[in-house]
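Novice: Below you will find the structure I want to go over with you.
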Amino acid sequence: MVEWAVKRFWTTAGVEETEGGFSILLDIRLIKTPAKEQIIVPTRVLAEKIAEEWNAQGELVDPITMPYTRMTNSAIDKVRPQFDEVVESLASYAETDHLCYRAGGPDELVARQNLAWDPLLDWASKCLNARLNTGIGILYVNQSSKSLANLRDRISTMSPFGLTAVHDLITISGSFVAALAVIYGHKSAEDIWEICRIDEIWQIEEWGIDDLEEAASAQKRNDFLLAANYYSLLQV
């Protein structure tokens, strides 16, 4: 069965400043989301990035090659109408932050986790006023309600576009603190990604590379770096 695909019907995609931000036009037609909402983004550089994706399309439109368009659609159609629910969902990640759950052994793995993760938690305590406790294994670690509230407040005032990017940073890494470290420029997205993969890297060193898992990890890395770049385009 051949799936229906949109054929290219425009010559050039461009950017136009409008009330509330910047819109993208296909010739003279404004781009809309799948829910038929007009796409207006807060910065010109993001609008230009989206226009580039549309200009790069061939005879048939391939949404897989349009990640900035897809993230923008999600921000407008999904995150904006249920903003508070998304905030609460992401806030729950702070309660079980990946960086707070440590291995009981072997010693080398414990040392790697402590060396990489303790400085991030120290940064969150000092700069975000959010001290998080750590524990061994998978048993739930209680966290201060004040710390959790302070972390939640960091995302509750974001735009739907910013929250969409942070959603991916948090859910892909499993760490609320790591995501904030990226958007506040504490460390690069590449460095944070490697820090969050310490357990995975250890497993690879011990048991070797699984091709399927390696491919999945590579895709997650791409998505993580994309989210970081998307967020950066909102700040220009």
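The values are calculated or read from the model by the stated rules, or taken from the named source; none is laboratory data. Model, not experiment: these values are computed from the prediction. Virtual Cβ from ideal backbone geometry, glycine too; neighbours counted across all protein chains shown.
Novice: Looking at this structure, is Leu60 modelled with pLDDT under 95, more than 23 Å from Leu226 (Cα to Cα), more than 17 Å from the chain's Cα centre (by Cα) and not charged (D, E, K, R)?
Specialist: Here the answer is yes, as Leu60 does meet what is asked.
Novice: Same structure, new question: In the range 2-22, which residues are part of a loop (DSSP other than H, G, I, E, B) and of a type outside the set (Phe, Trp, Tyr)?
Specialist: Result: Val2, Glu3, Ala5, Val6, Arg8, Thr11, Thr12, Glu19, Gly20.
Novice: Among the residues of the range 96-113, is any in a helix (DSSP H, G or I), within 19 Å of Ile192 (Cα to Cα), among the charged types (D, E, K, R) and touching a residue at least 60 places away in the same chain (Cβ under 8 Å)?
Specialist: Yes.
Novice: Touching an Asp or Glu at 6+ places or on another chain (Cβ under 9 Å), polar (S, T, N, Q), crowded, with 19+ Cβ neighbours inside 10 Å and modelled with pLDDT of 95 or more: which single residue out of Thr69, Thr65 fits that description? First the steps, then the outcome.
Specialist: Working: Thr65 fails: crowded, with 19+ Cβ neighbours inside 10 Å.
None of the other options fit; the residue is Thr69.
Novice: Answer yes or no as to whether Val87 is under 20 Å from Ser156 (Cβ atoms) and either free of Cβ contacts under 8 Å to residues at least 40 places away in the same chain or under 22 Å from the mean Cα position of the chain (by Cα) (or both).
Specialist: yes
Novice: So, in the range 23-41, of the ones that are among the β-branched types (Val, Ile, Thr) and part of a strand (DSSP E or B), which residue ends up surrounded by the fewest Cβ atoms within 10 Å (Cβ to Cβ)?
Specialist: It comes out as Ile40.
Novice: If you don't mind, another one. Touching a Phe, Trp or Tyr at 6+ places or on another chain (Cβ under 9 Å), acidic (Asp, Glu) and assigned to a helix (DSSP H, G or I), is that true of Glu88?
Specialist: In short, no.
Novice: Search the range 55-85 for residues being part of a helix (DSSP H, G or I) and either β-branched (Val, Ile, Thr) or in contact with a His (Cβ under 6 Å, 6 or more places away or on another chain) (or both), and hand back the single one that is nearest to Ile28 (Cα to Cα).
Specialist: By that ranking, first place goes to Thr69.
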